[in-house]
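Colleague: Have a look at this one.
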Amino acid sequence: MDAAVQAIDALPGIPRDDGGPVFREPWEAQAFAMALALHGRGLFTWKEWAAALADEIRRAQQGGDPDNGETYYRHWLATLERLIAAKGVATSETLHRYRDAWDHAADRTPHGLPIELTPEDFT
């Protein structure tokens, strides 16, 4: 919880209420947690993250993003992907390959069941 509090203090734009950050979908909380974990491992500073996130939001707004708050964590996720690639943790191609595999796995998984990747999802 200390990491979340540090993130909230360092990044005042995070959607939150009195209890802390708020998420509309589970994947938003997961993206938030991934950023906390990568920051905790020293992959980036919050200052670096804030600059990268601001750049991502600016690009999206220039492309027509309505900036109504509903896309905030989409920008968060895009920033994660960009920093992971820039830092050499994974290439953009690898990230796209896994995203496509997850999409395939989600398409074949009945609603309500957990999504599990199989080797076939990568073909």
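The values are calculated or read from the model by the stated rules, or taken from the named source; none is laboratory data. Small disclaimer: the values here were computed from a predicted structure and weren't measured. Note that we place each Cβ from the backbone using ideal geometry, even for glycine, and neighbour counts take in every protein chain shown. Accessible surface is based on the protein model in full, side chains and every heavy atom, while ligands, DNA and RNA are left aside. Shrake-Rupley method; radii C 1.70, N 1.55, O 1.52, S 1.80 Å.
Colleague: Let me spell it out: the conditions are (1) touching a residue at least 12 places away in the same chain (Cβ under 8 Å); (2) out of contact with any Phe, Trp or Tyr (no Cβ under 8 Å at 6 or more places or on another chain); (3) not aliphatic (A, V, I, L, M), and D18 meets all of them except one. Which number is the exception?
Modeller: (1)
Colleague: Counting just the residues of the stretch 14-49 that are more than 15 Å from the chain's Cα centre (by Cα), farther than 24 Å from V89 by Cβ and not charged (D, E, K, R), which one comes out most open to solvent (accessible area, probe 1.4 Å)?
Modeller: By that ranking, first place goes to G19.
Colleague: Hey, could you check the stretch 92-123 for residues that are open to solvent by less than 80 Å² (accessible area, probe 1.4 Å) and not in a helix (DSSP H, G or I) and say which is nearest to A29 (Cα to Cα)?
Modeller: Top of the filtered list is I115.
Colleague: Would it be correct to say that V89 is surrounded by 11 or more Cβ atoms within 10 Å (Cβ to Cβ), β-branched (V, I, T) and touching a residue at least 40 places away in the same chain (Cβ under 8 Å)?
Modeller: yes
Colleague: Further question on the same structure: Confirm whether A78 is open to solvent by less than 40 Å² (accessible area, probe 1.4 Å) and either of a type in the set (D, E, K, R) or over 23 Å from L11 (Cα atoms) (or both).
Modeller: no
Colleague: Identify, from the list V89, V5, the residue that is more than 30 Å from T118 (Cβ to Cβ) and among the β-branched types (V, I, T).
Modeller: V5
Colleague: Under the condition of being over 18 Å from Y72 (Cβ atoms), free of Cβ contacts under 8 Å to residues at least 40 places away in the same chain and part of a helix (DSSP H, G or I), which residue from the stretch 1-13 is least open to solvent (accessible area, probe 1.4 Å)?
Modeller: Only one residue tops the list, namely A3.
Colleague: Then there is this: Please verify whether T71 is among the polar types (S, T, N, Q), open to solvent by 60 Å² or more (accessible area, probe 1.4 Å) and without any contact (Cβ under 8 Å) to a residue 40 or more places away in the chain, treating the condition exactly as stated.
Modeller: no
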